[in-house]
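Data first, discussion second: the structure below is written as structure tokens.
FYI, it's all coordinate maths here, none of it is from the lab. Quick caveat: nothing in here was measured; it's all calculated off a predicted structure. Using ideal geometry, Cβ is built from the backbone for each residue, glycine included, and neighbour counts are taken over all protein chains shown.
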Amino acid sequence: MRHFTQNKADISNFKLKASRLLRSLCNSQFAICNLQYFRCVKVIVLAACFATTSSLASAADWPTNRGNVARTGCVDGQPGPTSGKVLWVHKSSDHYIAAPVAAGDSVFVSALAAFNTSIFQALSTETAPKQRVRWAKSVPYLKLPTVCAPAVVGNVVVFGDGMHQTDGATLHGVRLDSGLPLWQLPVPGQLVHLEGSPSIVNGKVLIGGGNAGVLCVDPARLELDGKEVDAASAQAALDKKWKELLAKYEQEKKSDPDFAIAPSEDSLPKPKPKLVWQAGAGQWHVDAAVAAVGDRVLVATAFLDAEKTGERAICSVKLSDGSTQWKTPLTFNPWAGPTVAGDVVLVGCSSVRLEPKEIASGQGEVVAVSLTDGSVKWRRAFAAGIVSAIAVKDQLAVFTATDGKVRAVDVASGAEKWTVDGGAPFFASAAIAGEMVYVADLKGVVRAINLTDGALRWKLSLGTDAAVKSPGMVYGGPIVVGGRLYVATCALESGGKANTAVVCIGEK
């Protein structure tokens, strides 16, 4: 994401000078994890978590971007809120770039904190919990900024780190219940970053890696200390090391309590999952989430004008081995990635990225291609960029654009069904739950509109609402889970002067 400024030298210097302080500040969250670690059942084997995973995940899972390949932002089929009633607010100064993800009784959010450091949190979905933050990951465990919405299957949460200004990235697997690490996969290379949401399909993890192309990872096959081990063996090694670190900490507290520092998860062994295949490395630039259907993985690759690298195209590769099945060139970059509706693949395209100052010059189009062979079924051009994922329900494709409009077109023909004028440009994807479409714009206004005709049902300003008062922008699309709508804001353009929030909207 090009618009986030990052000075690598400053960040390195910051980490060097403040590492001990940061570890101390993080002790509270690690203490929570430590307590959970020993209260949990001895081992929930990772392989078992993924063995029960099929291409059809359960209603409690969030296995891919926006929850499903139709990109509706709703996986349980329940209708969303019928009014803009705010149930709870988690206020912050961090910038929530990615969309929230809900699974079980937690909502997961990633954010940019001070100095472009990263924070990844599991928030309680209870209306009035004793503690909103259930667990959090930050420095020193997370070493790069994180703008990736996670995927969740069973007790495993998967997310990537890195952004456009950083080189190299890491794919993380952590436990949903405690946040404790399960495995890490380093992905080295220039212009390599894991920005797009991963997909978990048939026990494998698929993710775009910038110039690394697309990676397919098997988290049931782990490497530890140069040897291939199963999940149970890896977990036993983590248990043993953690006990050793805690014992050492107890000794340090007795001998020098003022300088004793609790162990961090970064000191644990780091089991590495098996890289099954990698496609498009050095040829494609994949920032968007992929979509997996059957033995096909749909990949949207962009061309970077400044770096002169990548390719503008929508591609299909085999899930089994990553070999290319077909490739269709595109006019503009497909930043939001593919949506699948039956035998049609839809992709929104834009000449601009998530950069507010470039909105006025935005151009874009929606392209529909055949899932079977990539042939173009139809395409529609717009005087605006489409940087949001297209959401599909009942043969209506709904998408937002930088001209401040929400549009619905027919999936089969591209014919316009309705258009709604919003009050500000859109970066965030629409969510569809029941017969309602939910959108949020760059002024922090949330709208609920009828799916059938685009009629406005209600709207809520997050900047002026008495319970929220967070005038930030919405970059990541709202989601609907259990009848509640979740939306998060960022304030990148405010120079750090505005507050941000994760907001829950619903009836009860």
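Roughly how tilted is helix 8-25, in degrees to the nearest 10 and between 0 and 90, from the longest Cα axis of the chain?
Rounded to the nearest ten degrees, it is 50.
Which order do the peptides 466-478, 284-296 come out in when sorted by mean C-beta neighbours inside 10 angstrom, highest first? Display every interim value, and only then the final one.
On the way: 466-478: 22.1, 284-296: 23.6.
Ranked by mean Cβ neighbours within 10 Å, highest first: 284-296, 466-478.
Run the reach check for Lys417 against lysines, Cα to Cα strictly under 27 Å, same-chain hits fewer than 8 apart removed. What comes back?
Lys377, Lys393, Lys405, Lys443, Lys459
Once each part is reduced to its C-alpha centroid, what is the distance from the stretch 380-404 to the stretch 254-304 in angstrom?
29 Å
Determine the relative contact order of the chain: mean sequence separation of Cα pairs under 8 Å and six or more apart, normalised by residue count, in whole percent.
Relative contact order here is 15 percent.
Measure nothing but the geometry: give the 0 to 90° angle between the long axis through the Cα atoms of 27-39 and the longest principal axis through the Cα atoms of the chain, rounded to 10°.
On a 0 to 90 degree scale, this one is about 80.
Going down the list Lys240/Lys274; Lys272/Lys318; Lys143/Lys270; Lys137/Lys253; Lys91/Lys469, which pairs span over 19 Å between their C-alpha atoms?
Too far apart for the 19 Å limit: Lys240/Lys274; Lys272/Lys318; Lys137/Lys253.
When the Karplus curve 6.51 cos²θ - 1.76 cosθ + 1.60 is applied with θ = phi - 60°, which whole-Hz ³J(HN,Hα) does each residue of the stretch 411-423 get, with x for Gly and Pro?
4, 6, 10, x, 5, 5, 9, 6, 9, 10, 7, x, x
If you take the Cα atoms of the stretch 315-366, find Rg, then find the Kirkwood Rh from the mean of 1/r over all pairs, what is Rg/Rh?
1.08
Order 104-117, 172-185 from most to least packed using the mean count of other Cβ atoms within 10 Å. Please list the in-between numbers first.
On the way: 104-117: 20.4, 172-185: 22.4.
My ranking of the peptides, most packed first, is 172-185, 104-117.
Could you give me the ³J(HN,Hα) list for the stretch 94-103, computed from phi with Karplus coefficients 6.51, -1.76, 1.60 and θ = phi - 60°, whole Hz, x at Gly and Pro?
7, 9, 8, 8, 7, 5, x, 9, 10, 7
Which entry in (i) 4, 20, 32, 27, 13, 3, 1, 0; (ii) 4, 15, 19, 18, 14, 9, 7, 7, 6, 3, 0, 0; (iii) 4, 18, 27, 26, 17, 7, 1, 0 matches P(r) over Cα pairs in 10 Å bins from 0, in percent derived from the coordinates of this structure?
Label (i) holds the value from this structure.
Do the sum for the chain: with -39,500 (n - 2.57) for every DSSP H run of n ≥ 4, divided by all residues, what is the mean residue ellipticity at 222 nm, to the nearest 500 deg cm²/dmol?
Result for the chain, helices only: -4000 deg cm²/dmol.
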